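**Q** Before anything else, here's the structure in question.
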Amino acid sequence: MQLGVRDVARILNVSEKSIYRWIQAGQIPAYRVNDQYRFNRAELLEWATAKKINVSTEMFREPDAGPELLPDLADSIEAGGIFYRLEGTDKESALRSVVNVMRLPPDMDRELLLRVLLARESMASTGVGDGIAIPHVRNPIVLSVNRPVICLCFLERPVEFNAIDGQPVQTLFTLVSPTVRIHLYLLSRIAQALRVPAFMDVVLRQASRVEILAAARSMQTAHTSSGALPSGRAHE
């Protein structure tokens, strides 16, 4: 579903005036269709993630979709695996190292996954700042996986990723999902986690697998108790 200006203002909890200002400045991904602006949900969430802007849970509503169990962040990371000291001298070789270690179905075409990850990077970097990137495919449907996985990898040396803050990347959360809704949901959960000091601490110091998963589960408990993603106001 494409979103209009009013939808986006509600999702980001800002005024429509702010949305138009961002459009005119070329600061937010938007398309002009029949004299109206339209927004792609995946692109919008990627943009909000990079800008560290919270989003409303309305982002994940599918008008024609039936009930769907949304996954835990910690379970998805555990399924994808946590790996340390991966080699890579540039974006492509780093992503190749990640794809090689990811826990994927035996029949998964890893070369295809690498190509679609690189294709996504060619459109815009998934580096979100602080030495962290969130590589993911543009369209999760093309991979036909039966469960979501987030592979957390720490590189031996930082590599240039054209990140939003100009810092090289050493930490990658690589996401593969079975549906668009889960894709958007997990992107938002990663983005939310990276704004939690306790989780950022274990990530930046490359803590043990046990510590990282415990920090992720702690956030999931708090998230479940609150019943919703935070929807703090963005800077206008």
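The values are calculated or read from the model by the stated rules, or taken from the named source; none is laboratory data. Here the structure is a predicted model, which is why all the values come from computation and not from measurement. Positions of Cβ are backbone-derived with ideal geometry, glycine not excepted, and every protein chain shown enters the neighbour counts.
**Q** Quick one: count up the residues across the stretch 180-223 that are farther than 21 Å from Gly88 by Cβ, of a type in the set (Val, Ile, Thr) and more than 14 Å from the chain's Cα centre (by Cα).
**A** Number satisfying all stated conditions: 4.
**Q** Looking at (1) assigned to a helix (DSSP H, G or I); (2) touching a strand residue (DSSP E or B) at 6+ places or on another chain (Cβ under 9 Å); (3) of a type outside the set (Gly, Ala, Ser); (4) under 21 Å from Tyr185 (Cβ atoms), which is the one condition that is false for Tyr20?
**A** (4)
**Q** Moving on to the next point. Being touching a helix residue (DSSP H, G or I) at 6+ places or on another chain (Cβ under 7 Å) and in contact (Cβ under 8 Å) with a residue 24 or more places away in the chain is the filter here; which residues of the stretch 204-217 pass it?
**A** Here is the first cut: in the stretch 204-217, the ones touching a helix residue (DSSP H, G or I) at 6+ places or on another chain (Cβ under 7 Å) are 211-213, 215-217.
The answer is Ile212, Leu213, Ala216, Arg217.
**Q** Determine whether the stretch 154-167 contains at least one residue that is polar (S, T, N, Q) and out of contact with any strand residue (DSSP E or B) (no Cβ under 7 Å at 6 or more places or on another chain). I'd like the intermediate steps shown before the answer.
**A** Going residue by residue through the stretch 154-167, those that are polar (S, T, N, Q) are 162, 167.
Next, from what is left, pick out any that are out of contact with any strand residue (DSSP E or B) (no Cβ under 7 Å at 6 or more places or on another chain): none.
Taking every residue of the stretch 154-167 in turn, none turns out to be polar (S, T, N, Q) and out of contact with any strand residue (DSSP E or B) (no Cβ under 7 Å at 6 or more places or on another chain).
**Q** Let me ask something else. Taking the condition in contact with a Pro (Cβ under 8 Å, 6 or more places away or on another chain) and crowded, with 19+ Cβ neighbours inside 10 Å, does Ile132 pass?
**A** Details: in contact with a Pro (Cβ under 8 Å, 6 or more places away or on another chain): no; crowded, with 19+ Cβ neighbours inside 10 Å: yes.
No; evaluated as a whole, the condition is false for this residue.
**Q** Which is modelled with pLDDT of 90 or more and part of a helix (DSSP H, G or I), of Ala191, Ala214?
**A** Residue meeting the stated conditions: Ala214.
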